[in-house]
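See below for the structure under consideration.
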2 protein chains.
Amino acid sequence: MPTSKDVAAAAGVSQSTVSYVMSGKRPISEKTRKKVEAAIEQLTYQPNAGARALASRRTNVLGLVIPLTPDAHVGSLSEFIAVIAATARQHDRDILLVTDEEGTEGLQRVVGQQLCDGLILMQVEADDDRIPVVRKLRVPVVFIGIPNEAEGLSCIDADFALAGRQCIEEFAAAGHQGATVIGWRPESGDRKLNFVDRFLGGAFEQAEASGLALSHVSGSADIASIEAAVDGGIAAADGPPAFASPEEPVLEMLPRILLDRGLKPGVDVSIIGVGTQTKSLGERLRLTTIDLEPRTVSRRAVELLCNFLKDGDGGQRQHLELIPPVVTQRDSTIPSPTH
Amino acid sequence: MPTSKDVAAAAGVSQSTVSYVMSGKRPISEKTRKKVEAAIEQLTYQPNAGARALASRRTNVLGLVIPLTPDAHVGSLSEFIAVIAATARQHDRDILLVTDEEGTEGLQRVVGQQLCDGLILMQVEADDDRIPVVRKLRVPVVFIGIPNEAEGLSCIDADFALAGRQCIEEFAAAGHQGATVIGWRPESGDRKLNFVDRFLGGAFEQAEASGLALSHVSGSADIASIEAAVDGGIAAADGPPAFASPEEPVLEMLPRILLDRGLKPGVDVSIIGVGTQTKSLGERLRLTTIDLEPRTVSRRAVELLCNFLKDGDGGQRQHLELIPPVVTQRDSTIPSPTH
DNA sequence: GCATATCGTCGATGCGTATCGATGAACAGT
DNA sequence: ACTGTTCATCGATACGCATCGACGATATGC
């Protein structure tokens, strides 16, 4: 492996000049820069990350804390991870993986060993144990998810409350008097993740504002329970029924189940799919969808962290950013009567 | 941040003694070890990773190359990643993420900058561009997936061929004369990943050996095409039909579709689910499954790489390891008549 | 013409650790 | 008591880079 010393020798300059050519922190004449760059090219020189970290006190690495729990491994998680890694590269940084299996010691470890300059925490719970630890860390941290006590923290997430409101707005615009949300069973684990409450909160709030009767039934993957939920929704409806769900299996079967009951989606009944990967599903089933834009959330998390690092102070500032979901109207919602 | 010098001062020894206490590479008396350990504890000392990498020429970090392409983001990918990260920690190593968006230059970069001591490549294609680059790298590399030219490389994957054989064996034992595999549409992208061919190769081979008529139809997510495939399978069957599929949506609907036709799984027809996350699906639908054990594949990949690194020579050896799939008999296959 | 500012480069130093050679102490054998 | 060992520890050095102060060479002011 060639070193910057080798490059210096090849270019006939001093090692420090090579360093300044690479960093641009001091002016270098066109002539010597060319020489140095040629030497770098020829030797295929790449700076040693360890030495660089040691001397500059920055690693250019971001720690990403991911959940290890298998039940959380929905498809979107890997998309989050990949987008975060790709965005980090655009800012000339790399991603070090930390699983939450290590717990809070893992955070202290990667920061203490100076393996990374900052952290991104995924799957942040409403009352996350890691928050008190994070507050003491000397590096900036960005949360993906909104804990209850977000004071002084930097948090980014999809705007679930807005998604709930948008959902009801769509139904109201289509002339529905009532709607049913199927899914997000309030299991023990789900209670910790408050996005369910945020979505339902927004939905119920908007339902009240729009004078629309909203009910929520916890979905389940088996067909019978979905059918029961659908029948309940139809019976309760005062006019054409409307259904929304954030669960893919539910959405997959909903059109079929409704057609079996003589209800054509987009004509006699409305369906809205909510989720993180709604595009392919929505296009295939021609479903109106509300996408939570996980790629944008991921990208912004990295950008925010990089901004904190660029400012140099290393301290984390309070920041709350909610990414607006994207509504895509397709054929599963009844057209607005006003049009 | 305290340094090993601070620890040395607090313990009243030299810095090198602290280093030897931590590495154990030279004998240290019980007394001084206790003193040093106490000082480490009290100062919450953690060695600086950059300095350590610089001095020891090892980073204790493994690079993990993941696909960025969204269509590959099935749920199992994040499970792979998390298991790899957790296993790496058990070997006192961390994981640096590299997306294949960077291409082969990404590999050369992380190795050239000495950000990691070795690499794990996921989603290896039959004729992967990265192979010639990997051969020139000076660090050990483990492939997850089996390329066509595996000479001199270290590869690990699920044994898809065995899964195919096991599948047919199950059907044959249940007394079936024929079977249909639904799924794995041979699209452009899928051709590069040869596991489809490996599975089907094993299945057809075993079908011939067992005198069983096997056909394969590319599945699709919409219900109509699945129903068509099912009807085809029923019509072609000489005796009770049998179906296998590696696609979750197909498996989700298969029992329902068959019941609609008056065929009860496990009595009039057999179903086998093949995949990387078959447990919850299999238990819910009471499906006999063949699981490809992604967790084992991931774990073994890390262990293999760590072994290469432990041996010190840094060279990669040829190695081919196929993880046997696990057959779990539940209620969707017709009981063997011989029992 | 000299004093002063600006530019481009060099040498020296430090970052925190691992590791090698050396040193001194304790100890066994004669 | 003297040499030869083994054991525990220390001091010095190197790892590769960033960065600071210094210095010579030009350019700018009057």
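Residue-wise test of (1) free of Cβ contacts under 8 Å to residues at least 12 places away in the same chain; (2) of a type in the set (Val, Ile, Thr); (3) within 16 Å of DNA strand D (Cβ to nearest atom).
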| residue | (1), (2), (3) |
| --- | --- |
| A:36 | no, yes, yes |
| A:49 | yes, no, yes |
| A:80 | no, no, no |
| A:84 | no, yes, no |
| A:94 | no, no, yes |
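Before we move on, is residue B:37 within 14 Å of chain A (Cβ to nearest Cβ), part of a helix (DSSP H, G or I) and acidic (Asp, Glu)? The answer is no for residue B:37. Each residue in region A:259-269 was checked for being assigned to a loop (DSSP other than H, G, I, E, B) and in contact (Cβ under 8 Å) with a residue 12 or more places away in the chain, and 5 pass. When residue A:88 is tested against (1) within 16 Å of DNA strand D (Cβ to nearest atom); (2) assigned to a helix (DSSP H, G or I); (3) under 23 Å from residue B:107 (Cβ atoms); (4) more than 7 Å from chain B (Cβ to nearest Cβ), exactly one condition is not met: (1). When the residues of region B:14-57 are filtered to those that are within 8 Å of DNA strand C (Cβ to nearest atom) and among the charged types (D, E, K, R), which remaining residue is farthest from residue B:310 (Cα to Cα)? That would be B:26. From the list B:138, B:109, the lone residue that is within 24 Å of residue A:95 (Cα to Cα), out of contact with any Asp or Glu (no Cβ under 6 Å at 6 or more places or on another chain) and part of a loop (DSSP other than H, G, I, E, B) is B:138. Return the total of residues in region A:11-30 being more than 12 Å from DNA strand D (Cβ to nearest atom) and part of a helix (DSSP H, G or I). The total comes to 2. Kindly indicate whether any position in region A:121-138 is within 14 Å of another protein chain (Cβ to nearest Cβ), surrounded by fewer than 22 Cβ atoms within 10 Å (Cβ to Cβ), within 18 Å of residue B:1 (Cα to Cα) and free of Cβ contacts under 8 Å to residues at least 24 places away in the same chain. Yes, some residue in region A:121-138 is within 14 Å of another protein chain (Cβ to nearest Cβ), surrounded by fewer than 22 Cβ atoms within 10 Å (Cβ to Cβ), within 18 Å of residue B:1 (Cα to Cα) and free of Cβ contacts under 8 Å to residues at least 24 places away in the same chain.
The rows are residues; the columns are (1) touching a Cys at 6+ places or on another chain (Cβ under 9 Å); (2) in the same structural domain as residue B:303 (by TED's automatic domain parsing).
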| position | (1), (2) |
| --- | --- |
| B:52 | no, no |
| B:56 | no, no |
| B:69 | no, yes |
| B:88 | yes, yes |
| B:95 | yes, yes |
| B:107 | no, yes |
| B:111 | no, yes |
| B:115 | no, yes |
| B:122 | no, yes |
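Annotation: residue B:11 fulfils all but one of (1) at the interface with chain A (Cβ under 9 Å from one of its Cβ atoms); (2) of a type in the set (Gly, Ala, Ser); (3) away from DNA strand C (no atom under 11 Å from the Cβ); (4) in contact with a helix residue (DSSP H, G or I) (Cβ under 6 Å, 6 or more places away or on another chain); the unmet one is (1). Filtering region A:242-285 to residues that are away from chain B (no Cβ under 14 Å), touching a Gly at 6+ places or on another chain (Cβ under 8 Å) and among the aliphatic types (A, V, I, L, M) leaves A:242, A:244. Looking across A:259, A:200, A:193, A:263, one residue alone is more than 18 Å from residue A:329 (Cβ to Cβ) and touching a His at 6+ places or on another chain (Cβ under 9 Å). It is A:200. Scanning region B:45-63 for residues that are closer than 14 Å to residue A:110 by Cβ and either more than 8 Å from every other protein chain (Cβ to nearest Cβ) or more than 36 Å from the chain's Cα centre (by Cα) (or both) yields one hit, B:60.
Residue B:42 meets each of the listed conditions (1) within 14 Å of DNA strand D (Cβ to nearest atom); (2) outside any loop (DSSP other than H, G, I, E, B) apart from (1).
Just wondering, is there one or more residues in region A:217-227 that are in a helix (DSSP H, G or I), touching a Phe, Trp or Tyr at 6+ places or on another chain (Cβ under 9 Å), buried (at least 21 other Cβ atoms within 10 Å of the Cβ) and not charged (D, E, K, R)? Lay out the reasoning, then the answer.
Within region A:217-227, the first condition is being in a helix (DSSP H, G or I), and the residues that meet it are A:223-227.
Imposing the further condition that a residue be touching a Phe, Trp or Tyr at 6+ places or on another chain (Cβ under 9 Å) reduces the set to none.
Checked against the condition, which is being in a helix (DSSP H, G or I), touching a Phe, Trp or Tyr at 6+ places or on another chain (Cβ under 9 Å), buried (at least 21 other Cβ atoms within 10 Å of the Cβ) and not charged (D, E, K, R), region A:217-227 yields no hits at all.
What do you reckon, is residue B:65 touching a helix residue (DSSP H, G or I) at 6+ places or on another chain (Cβ under 9 Å) and either more than 8 Å from DNA strand D (Cβ to nearest atom) or assigned by TED's automatic domain parsing to the domain that holds residue B:308 (or both)? Yes: the conditions hold for residue B:65. Of all residues in region A:1-10, those that are assigned to a helix (DSSP H, G or I), near DNA strand D (Cβ under 8 Å from one of its atoms) and surrounded by 13 or more Cβ atoms within 10 Å (Cβ to Cβ) total 3.
Table: residues versus (1) surrounded by fewer than 17 Cβ atoms within 10 Å (Cβ to Cβ); (2) in a helix (DSSP H, G or I).
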position	(1), (2)
A:257	no, yes
A:271	no, no
A:284	yes, yes
A:295	no, yes
A:298	no, yes
A:308	no, yes
A:320	yes, no
A:330	no, no
A:333	no, no
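Take the residues of region A:91-106 that are assigned to a helix (DSSP H, G or I) and more than 7 Å from chain B (Cβ to nearest Cβ): which is surrounded by the most Cβ atoms within 10 Å (Cβ to Cβ)?
Step by step, filter region A:91-106, then rank; the result is A:100.
One residue stands out in region B:178-203 among those that are at pLDDT 90 or above and under 21 Å from residue B:226 (Cα atoms): the one that is farthest from the chain's Cα centre (by Cα), namely B:178. When the residues of region B:148-158 are filtered to those that are in contact with a helix residue (DSSP H, G or I) (Cβ under 8 Å, 6 or more places away or on another chain) and of a type in the set (Asp, Glu), the one that is surrounded by the most Cβ atoms within 10 Å (Cβ to Cβ) is B:157.
The values are calculated or read from the model by the stated rules, or taken from the named source; none is laboratory data. This structure is a prediction, so every number in the text was calculated from the model and none was measured. Note: ideal-geometry Cβ built from the backbone for every residue, glycine included; neighbour counts use all protein chains shown.
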